[in-house]
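Below is one structure, written out as structure tokens, with a few remarks after it.
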Amino acid sequence: MVNLILFGPPGSGKGTQSAKIIDKYGLLHLSTGDLLRHEIGNKTPLGLEAQKFMDQGLLVPDEVVIGMISSKLDANPDARGFIFDGFPRTTAQAEALDKLLALKKTAISVVLSLEVPEEELIKRLLNRGLTSNRPDDASEDVVKARIVEYHNKTAPVADHYAKFGKFKKVKGDGTVEEIFDLLSKEIDELLGEKV
Ligand code: AP5
């Protein structure tokens, strides 16, 4: 079983590249951002609570997202592997994920971190904010708050996986296809090792 974390700041291309990876490698995509937006769309109590944080560019509390991921892992016992997108975002989430996967006798294979300059992140997100209805892309203040949350709370997750030699940086600026080629090489290498 291959389990990937696609890591990186807001706007680094995690969602864009996940869509291509699941098509090519048949992994199950688990995006906490998408799951939360689904809850918001359905106006569930969880969604309404999460929205208060998301609209300000702040992280939703750990227990909420860990609970969502735990349910999804339980609901998909036959998956051939997972790609985690936007999770884990804190060291507590990473530790919880390790435990959940260990219960299923598996583990994270590698963390692929998309490296993109900050001015490019801001440009991409504000650009998407012009055409999408994501409130957290609509203002420069909220976009910058998301990047600050990333530096304060999410960047340390890199150390958690680097300790185990599972953290790899990948150049995340360039065309979508160029970046996908770089990610595919990493995944092919991993699959080669697994054979
Ligand atoms: P989430 O939905 O995870 O958003 P994010 O990581 O902040 O940012 P994005 O998903 O917008 O970026 P991405 O890296 O996926 O890039 P994308 O491919 O979309 O989280 C949203 C919120 O939910 C968080 O702020 C938090 O409140 C909450 N949340 C979610 N998970 C949580 C967790 N685990 N714990 C606590 N809270 C959580 O691309 C962005 C744009 O760039 C697109 O328009 C795309 O078309 C464009 N683009 C992509 N690649 C390229 C390229 N190579 N060149 C040019 N443009 C590109």
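Read-outs throughout are calculated quantities, based only on the coordinates presented, and are distinct from any laboratory measurement. Model, not experiment: these values are computed from the prediction. All Cβ positions, glycine included, derive from the backbone under ideal geometry; neighbour counts span all protein chains shown.
When the helix-only estimate is applied to the chain (DSSP H runs of n ≥ 4, each -39,500 (n - 2.57), divided by the residue count), what is the mean residue ellipticity at 222 nm, nearest 500 deg cm²/dmol?
When only DSSP H runs of four or more count, the value is -17000 deg cm²/dmol.
If you line up the Cα atoms of segment 79-195 on their principal axes, what length do they span on each, largest first, in Å?
Principal-axis extents of segment 79-195 (Cα, largest first): 44, 32, 26 Å.
Where in segment 1-94 are there trypsin sites (Lys or Arg not before Pro) that are in a DSSP coil and have at most 16 other Cβ atoms within 10 angstrom of their Cβ?
Passing sites in segment 1-94 are 43, 80.
Calculate the length of the line joining the C-alpha centroid of segment 133-156 to that of segment 19-60, in whole Å.
Taking the Cα centre of each part, segment 133-156 and segment 19-60 sit 15 Å apart.
Please arrange 106, 44, 90 by counting, for each residue, the other beta carbons lying within 10 Å of its beta carbon, fewest first. If you can, show how the numbers build up before the last one.
Details: 106 16, 44 12, 90 21.
Final ranking by Cβ density, sparse to dense: 44, 106, 90.
Per the Kirkwood formula on distinct C-alpha pairs, the Rh of the chain is how many angstrom?
After inverting the mean inverse Cα-Cα distance, the result is 17.1 Å.
Too long at a 24 Å Cα-Cα cut-off: which of 14/166; 43/99; 123/153; 14/153?
43/99
Going by how many other beta carbons lie within 10 Å of each one, how would you line up 32, 91, 131, fewest first?
Neighbour counts put them in this order, fewest first: 131, 91, 32.
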